[in-house]
Amino acid sequence: MTQIQLGYGKSSVSFTFDKNRYQLLAGNAPNEKPLTDVEIGEALSAPIQSPPLEDLFSAGDSVLIVVSDATRATGSAQILNLLVRRLIQIGVSPSALAIIFATGIHRAVTPDEKVELLSPFIAQRIRTIDHAAYDSGAMVSLGTTSHGTTVELNRALKDFSHVVITGAIGFHYFAGFTGGRKSICPGLASARTVEATHMLALDFETGGRRAGVGTGLLDGNAVHEECERVAAMIEPRFSINSVVDERGRTVRIHAGEWRAAHRAGCVEYLSNHSIRIVRKREVIIVSCGGYPYDINLIQAHKSLDMAAHACKDGGTIVLLAECRDGLGHPTFLKWFEENDSRALEARLRNAYEVNGQTAWSLLTKAERYRIHLVSKLPDEEVRRMRMTPAGSLADVLDNIDEMEGYIMQRGAALLPLLESM
């Protein structure tokens, strides 16, 4: 028997399993140690398709740094500390620096989260700005993209000489990957612009997901390409894309020109964080990897989506997701008033909302698999979403027949790919 730990919130759940029955899925990432300050500094000094920082910034510049919110682990505290010091050494005044949180339509970052995301040193010394996607007064209109999307972004992006975007590269179930352009769109876009770009994930003519849209896809991905067009209207001066380990520590940096650095990071991430499977199995046990990946159900759904790549139709998925912040949006449950995913999709066609698409994606899985959710959500809410609430992993497994399965310790960070026969 083999024992492992499955992340759950800020703690973990022990799980002992028979290797003859369950296979632990893992990617190809090397056992990398967290980067030191010196190593991160070296990465910033050897940017991808970009001049070094010293040639991009100078005294008299004002610089806005974009940082992800608390729903993502990005290693931002270490990176921001080094970046801010570097900019000051170049000659940028601390009073000409500001940090804005790319929350998109998420809730605002709390004071405690700001300290955790930035480090106490930076949080006390550099001005921070909150983004509010529903506040039209905080937005500036930049016209439309070549594909007709109305572009409204936080006006702070135009109040500074230069913009630096930061974030972590990971999988995203319809944008392909996180990081890069997502710091601008959806990160700092109005709710209207977020909805217009995210709506491209669905094909309302044929039904279901649009061709080319999906996990690990960039070329031909309508959502990625439109978000990139929006970000191009800002033309970030520099970008820093991190890759983090299971504890949220930076193990890789892809810095430089905002498109090229992100693309290089995505190519490497896909290679290191995907696994070929010969067949799908009847049972998938998946942990989001703990906090912040299971901070709420909307974020936890990303791990559920990855697990679905490895599960047989009609099979069982056991999802461990604490959901300490609840569902992730106060109106999320309203979408489950519909009888099935087809009715929900029709409702989205007439009145699209971003979280409605997440609800549709979840509901399609609940119709295709038996989903057991181990969380802190009220049982009634779980049932309304067509899932089965569970008190513990053991409670579920005691009632599952002796079928073979897979285990995914960091669901959101691993893409199972079915080998063609």
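Readers should treat all values here as calculations from the given coordinates under stated rules, not as data from a laboratory. Quantities reported herein were computed from a predicted structural model and do not represent experimental measurements. Don't worry about glycine lacking a Cβ; one is built from the backbone with ideal geometry, like all the others, and counts go over all protein chains shown.
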Legend entry - Cα-based convex hull, region 231-312, per residue volume (Å³, whole number): 135 Å³
Legend entry - For region 224-235, 3J(HN,Hα) per residue [Karplus equation, 6.51 cos²θ - 1.76 cosθ + 1.60, θ = phi - 60°, Hz, x = Gly/Pro]: 4, 5, 6, 4, 5, 5, 5, 4, 5, 6, 9, 6
Inset, instruction - Could you order peptides 296-309, 69-82, 209-222 by the average number of other Cβ atoms within 10 Å of their residues, highest first? - result: 296-309, 69-82, 209-222
Inset, instruction - Scan around Ser274 for amide H atoms under 5 Å from its own, H built in the peptide plane at 1.01 Å from N, and keep only partners 5 or more places away or cross-chain. - result: Asn28, Leu415
Inset, instruction - No other cysteine beta carbon under 4.7 Å away is the test; run it over the chain and list who passes. - result: Cys266, Cys288, Cys311, Cys323
Legend entry - Förster-model FRET efficiency, 56 Å R0, Asp159 and Asp18, C-beta, rounded to 0.05: 0.40
Legend entry - GluC sites (Glu not before Pro) within region 157-233: DSSP coil, no more than 11 neighbouring Cβ in 10 Å: Glu205
Inset, instruction - With a cut-off of at most 11 other beta carbons within 10 Å, and DSSP calling the residue loop, which GluC sites (Glu not before Pro) in region 261-362 qualify? Please list them. - result: none
Inset, instruction - Decide, for region 93-243, between rounded, prolate and oblate: order the square roots of the alpha carbon gyration tensor eigenvalues as a ≥ b ≥ c, take rounded if a/c falls under 1.5, and otherwise choose prolate if a/b is larger than b/c, else oblate. - result: prolate
Inset, instruction - Collect residues whose amide H, placed 1.01 Å from N in the peptide plane, falls under 5 Å from the amide H of Cys288; neighbours closer than 5 in sequence don't count. - result: Leu320, Gly411
Legend entry - Karplus 3J(HN,Hα) series, Hz, for region 358-369 with 6.51 cos²θ - 1.76 cosθ + 1.60 (x for Gly, Pro): 5, 4, 4, 4, 5, 5, 4, 6, 5, 7, 9, 10
Legend entry - Neighbour cut-off at most 14 other Cβ (10 Å), DSSP loop, chymotrypsin sites (Phe, Trp or Tyr not before Pro), region 51-157: Tyr134
Inset, instruction - Quick one: net charge around Val251, please, counting Lys, Arg +1 and Asp, Glu -1 for every other residue with C-beta under 12 Å from its C-beta. - result: -1
Legend entry - Cα-Cα over 24 Å, subset of Lys19/Lys312; Lys10/Lys280; Lys280/Lys302; Lys334/Lys376: Lys10/Lys280
Inset, instruction - With all distinct Cα pairs included, what does the Kirkwood hydrodynamic radius of region 273-383 come out to in Å, to one decimal, could you say? - result: 14.5 Å
Inset, instruction - Rounded to the nearest 10 degrees, what's the angle between the helix 341-350 long axis and the longest principal axis of the chain, both from Cα atoms, 0 to 90? - result: 30 degrees
Legend entry - For Ile90, net neighbour charge (Lys/Arg +1, Asp/Glu -1) across residues whose Cβ lies under 9 Å away: -1
Inset, instruction - First obtain the Kirkwood hydrodynamic radius of region 283-340 from its Cα pairs, then insert it into the Stokes-Einstein equation at 37 °C and 0.692 mPa s, and state the resulting D in µm² per second as a whole number. - result: 270 µm²/s
Inset, instruction - Take the Cα atoms of the chain, build their convex hull, and give its volume per residue in Å³. - result: 142 Å³
Legend entry - J(HN,Hα) series, region 372-378, from Karplus relation 6.51 cos²θ - 1.76 cosθ + 1.60, nearest Hz, glycine and proline x: 10, 10, 9, 7, 9, 6, x
Inset, instruction - Would you mind checking which residues have amide H under 5 Å from Ala102's amide H? H placed 1.01 Å from N; only 5 or more apart, or other chain. - result: Val67, Ser68, Asp69
